[in-house]
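A.B. asks: This structure is in structure tokens; I'll ask about it shortly.
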Amino acid sequence: MKNNELNERRLQATPRGIGVMCDFYADRAENATLWDVEGREVIDFAAGIAVLNTGHRHPKIIAAIEKQLQSFTHTAYQIVPYESYVRLAERINERVPINGPVKTAFFSTGAEAVENAVKIARAYTKRPGLITFGGAFHGRTFMTMALTGKVAPYKIGFGPFPGSVYHAQYPNALHGVSTADTLQSLERIFKADIAPDQVAAVILEPVQGEGGFNVAPGEFMHALRALCDTHGILLIADEVQTGFARTGKLFAMEHYSVQPDLITMAKSLAGGMPLSAVSGRADIMDAPAPGGLGGTYAGNPLAVAAAHAVLDVIDDEKLCARATVLGQHLVEALNSAKANCPHIADIRAQGSMVAVEFNEPSSGQPSPEFTRQVQSKALAQGLLLLSCGVYGNVIRFLYPLTIPDAQFRKALEIITHSLTR
Ligand code: PMP
């Protein structure tokens, strides 16, 4: 099979709305390496958009899925339940950074987890309002599109969206938004749009993912928690992209001194199988009536088996510590490249959630062009990089945390070349 032929067939058979980044097609993959159908090899720093913290086809994850295949692949948990689901909930309940009794429900996609967190928050508080942030990304369903704080390409032509959703500013030092500005934007929402006692939840990504790997400052998270407590509003952390060792902790909220009420997770939870979850304070999680939550495929047995193996691998291979170390090496390499790359406007990181933002040196304006150049230079040398950011001027690095040291060093060389030559 040839990539060119496949591209032609793709354009005929599938809609353009499913935008596809690469013009080559996957054939096979192993840990941090991916081969296309023409036998070309790339180092995969996209990792299926943050899904493969444990790499492609980790032997322990494959073995767990194969074992589950031998017993059953689907019963619909709400019809005939299975122990592995309950045990995974128990394991996650022990690990989420929320004190006191915690419960967990499983779904399939990140958007579905966010949808359900909203359902649970509304059922518990009996309030309609939701506050989210500019630059946020929460998914492609209607409620999650409404919550998302980036118009193009996610919202164009798809409205109207569910109401009672208000966007505050997310702190961003580079773009001149301080924590004080953010808190002021929240106060403005309470004055102009909705009374705080009508707000069910504030939902935020502790590190904005699609929005540019913007790390929430500790003082901001602290102030948000206090605001929520004052008004009886729930705090929902969307850890779909930050979860499962990426930031150097199992959950990014472990970096903060305050706790959320609910956490959504997906992506690296099941190492490539579709599984998502909502965890939260037991009293909140129990608000919806029986039958209100679930889904035919929610908590699929193969995906649940994979998630157990993911948790084992994260512990056995100390991937949280590894995320911290790899992230430091990458930040050092980016800092060294800075002297020869005037386009670099910012380098930011929480563990291995590392990003570099590019501006035009002359104007200081965001440079999506330079970002694309870096991506294509890296790809020409065999490294697949993803961009992000409201202006498309950020490169984010999402390598498997299981990547061998030598391959990681090679990738750093390619990054340095792509930035400086
Ligand atoms: N929330 C966050 C923070 C995400 O990064 C994403 C996906 N990029 C989603 C939700 C949506 O997840 P999914 O694509 O699995 O629906």
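A.B. asks: Through the Karplus equation 6.51 cos²θ - 1.76 cosθ + 1.60, θ set to phi - 60°, convert the phi angles of segment 352-362 into ³J(HN,Hα) values in whole Hz; use x for Gly and Pro.
C.D. replies: Rounded to whole hertz, the list is 9, 8, 10, 9, 10, 10, 10, 10, 5, x, 6.
A.B. asks: Most mobile of PHE190, PHE213, PHE244 per a Gaussian network model of the chain (Cα springs, under 10 Å)?
C.D. replies: Looking only at PHE190, PHE213, PHE244, the biggest GNM fluctuation is shown by PHE190.
A.B. asks: Quick one: which residues, 5 or more positions from ASP27 or on another chain, have an amide H under 5 Å from its amide H? H modelled 1.01 Å from N in the peptide plane, none for Pro or chain starts.
C.D. replies: For ASP27, the qualifying residues are TRP35, ASP36, VAL37.
A.B. asks: Any idea how far apart ASP316 and PHE142 come out in nm if each label point goes 7 Å out from Cα toward Cβ?
C.D. replies: So the two model labels end up 4.5 nm from each other.
A.B. asks: Residues with amide H under 5 Å of VAL177's amide H, sequence separation 5 or more or different chain, H placed in the peptide plane at 1.01 Å from N; which?
C.D. replies: Residues meeting the amide H criterion: ASN172.
A.B. asks: Right, here's the next one. For the chain, set up a Gaussian network in which alpha carbons nearer than 10 Å are linked by springs, and say which option among PHE133, PHE220, PHE397 fluctuates the most.
C.D. replies: Of the options given, PHE220 has the highest mean-square fluctuation.
A.B. asks: Here's a follow-up. Around GLN259, which amide H atoms from residues at least 5 apart in sequence, or from another chain, sit under 5 Å from its own amide H, with H modelled in the peptide plane?
C.D. replies: none
A.B. asks: May I pose another question? Where a ≥ b ≥ c are the square roots of the eigenvalues of the C-alpha gyration tensor, would you call segment 73-314 rounded, which needs a/c under 1.5, or, failing that, prolate if a/b is larger than b/c, or oblate? Let's see the in-between values first.
C.D. replies: Working: a/c = 1.61, a/b = 1.49, b/c = 1.08.
Verdict is prolate for segment 73-314.
A.B. asks: Looking at segment 73-314, send over the antiparallel percent of its DSSP beta bridges, to the nearest 5. It would help to have the intermediate numbers written out before the result.
C.D. replies: On the way: 13 of 28 bridges.
DSSP beta bridges in segment 73-314 are roughly 45 percent antiparallel.
A.B. asks: If you average 1/r over every pair of different alpha-carbon atoms in the chain and take one over that average, what Kirkwood value in Å do you get?
C.D. replies: Values: mean 1/r = 0.0452 Å⁻¹.
About 22.1 Å, per the Kirkwood formula over Cα pairs.
A.B. asks: How much accessible area does HIS58 have with a 1.4 Å probe, in Å² rounded to the nearest 10?
C.D. replies: Rounded to the nearest 10, the figure is 20 Å².
A.B. asks: Once every DSSP H run of n ≥ 4 in the chain is given -39500 (n - 2.57) and the sum is divided by its residues, what mean residue ellipticity at 222 nm do you get, rounded to the nearest 500 deg cm²/dmol? Display every interim value, and only then the final one.
C.D. replies: Numbers: 13 runs with 158 residues, N = 421.
Helix contribution divided over all residues of the chain: -11500 deg cm²/dmol.
A.B. asks: In a Gaussian network model over the chain where Cα atoms closer than 10 Å are linked, find which of SER367, SER257, SER387 has the largest mean-square fluctuation.
C.D. replies: Highest fluctuation of the listed residues: SER257.
A.B. asks: Specify the inter-centroid distance of segment 292-319 and segment 342-395, based on alpha-carbon positions, in whole Å.
C.D. replies: 32 Å
A.B. asks: Something else: Among DSSP beta bridges whose residues both lie in the chain, state the antiparallel percentage, nearest 5.
C.D. replies: Values: 35 of 52 bridges.
Close to 65 percent.
A.B. asks: A follow-up question, please. Which of rounded, prolate or oblate describes segment 15-139 when judged by the alpha-carbon gyration tensor and an a/c cut-off of 1.5?
C.D. replies: Details: a/c = 2.17, a/b = 1.35, b/c = 1.61.
The shape class here is oblate.
A.B. asks: Residue by residue through segment 31-36, which ³J(HN,Hα) values in whole Hz follow from phi under the Karplus form 6.51 cos²θ - 1.76 cosθ + 1.60 (θ = phi - 60°), with glycine and proline marked x?
C.D. replies: So the J values, rounded to whole Hz, are 6, 9, 10, 10, 10, 8.
A.B. asks: Among PRO162, ALA289, ILE92, whose Cα projects farthest towards the positive end of the dipole of segment 73-314, with charges put on the beta-carbon of Lys, Arg (+1) and Asp, Glu (-1)?
C.D. replies: Of the candidates, PRO162 comes out farthest on the positive side.
A.B. asks: In addition: Just order 40-49, 196-205 by mean Cβ neighbour count inside 10 Å, highest at the front, would you?
C.D. replies: 196-205, 40-49
The values are calculated or read from the model by the stated rules, or taken from the named source; none is laboratory data. Predicted model only: the values in this text are computed from it and were never measured. We place every Cβ from the backbone using ideal geometry, glycine too, and count neighbours over all the protein chains shown. Protein only, heavy atoms only, side chains kept; ligands, DNA and RNA dropped before computing areas. Shrake-Rupley method; radii C 1.70, N 1.55, O 1.52, S 1.80 Å.
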